[in-house]
1. Working out 0.36 nm times the residue gap between ASN132 and LYS26, then minus their Cα-Cα distance, what length gain in nm do you get to one decimal?
2. Can you put THR193, THR14 in order of Cβ neighbours within 10 angstrom, beginning with the fewest?
3. Along the Cα→Cβ direction, 7 angstrom out, place labels at LYS115 and SER56. What is the inter-label distance in nm?
4. Go through segment 125-134 residue by residue and turn each phi into a ³J(HN,Hα) via Karplus (6.51, -1.76, 1.60, θ = phi - 60°); whole Hz please, and just put x for glycine and proline.
5. Using amide H atoms built 1.01 Å from N in the peptide plane, name the residues 5+ places from PHE53, or on other chains, whose amide H lies under 5 Å from its own.
6. Which whole-Hz ³J(HN,Hα) couplings does segment 151-163 yield from phi under the Karplus relation 6.51 cos²θ - 1.76 cosθ + 1.60, θ = phi - 60°, glycine and proline marked x?
7. Tell me the Kirkwood radius of segment 96-199: reciprocal of the mean inverse pair distance over distinct alpha-carbon atoms, in Å.
8. Can you tell me what share of the DSSP beta bridges in the chain is antiparallel? A percent to the nearest 5 is fine.
Amino acid sequence: MHWTIIGGGIQGTTIALKLRHDGLRKDELTIIDPYSNLCERFNIYTQRISMPFLRSPFVHHIHPKPFHLKQYAKYHQYTSAYYGPYKRPQRDMFMHHVHDLVHQYELNDCQIQNKVRKLNKRRDKWELKLVNGEKLVTDCVVISNGCTHAPYIPDLFLNKTKVKHIFADDYNHSLDNDATHVIGSGISAVHLTLKLLKK
């Protein structure tokens, strides 16, 4: 049985790792993601807002075993591996863990760097058409493409030279030096505000 995962972010990579861990061969798995590395956007975004520790406790990671990250931290002798009573993991350690598992389970070999344009059910199979025109046929599809592909900017702020969404692909770090306002009240806005206050 062949599985195809649309999206190579944290959730897509977690599902891929679970399938491989449970015995799915790498030739039975395809991950379609437009970026050169799995979890690349997560890595970029968490760096961009200067998130030193993740928001979730240490049992939330990509390996199926809940204490795998804790064992990884101990084995690699990370100091300051966690923060606070919920043991939120250090971002860099988390990303090293992701990197090592992606290589251990050969997930890069399963990745097609592209985007899905169309998905159709054909009898008992799924047919995917990619942006480059390539077609794939698979038994099972997991859609895990996230929600940050088209950042929302209110009309009032559209096309302003010094207004950028923190998750925009064309985000310019030089704006950090001149920033006077952060619009938003979520955790990413708080992280960004703390980063800017340190400048």
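1. Here the segment from ASN132 to LYS26 would lengthen by 35.9 nm.
2. Ascending Cβ contact count within 10 Å gives the list THR193, THR14.
3. With each label point 7 Å from Cα toward Cβ, the separation is 2.6 nm.
4. 10, 10, 10, 10, 10, 8, 4, 7, x, 5
5. ARG91
6. So the J values, rounded to whole Hz, are x, 8, 10, x, 3, 4, 9, 5, 6, 8, 5, 9, 10.
7. Roughly 17.8 Å, rounded to one decimal.
8. Details: 13 of 24 bridges.
Within the chain, antiparallel bridges account for around 55 percent of the total.
Where a number appears in this text, it was derived from the coordinates with a stated rule and is not lab data. All values reported here derive from a predicted model rather than from experimental measurement. Here Cβ is always computed from backbone atoms with ideal geometry, including for glycine, and neighbour counts include all displayed protein chains.
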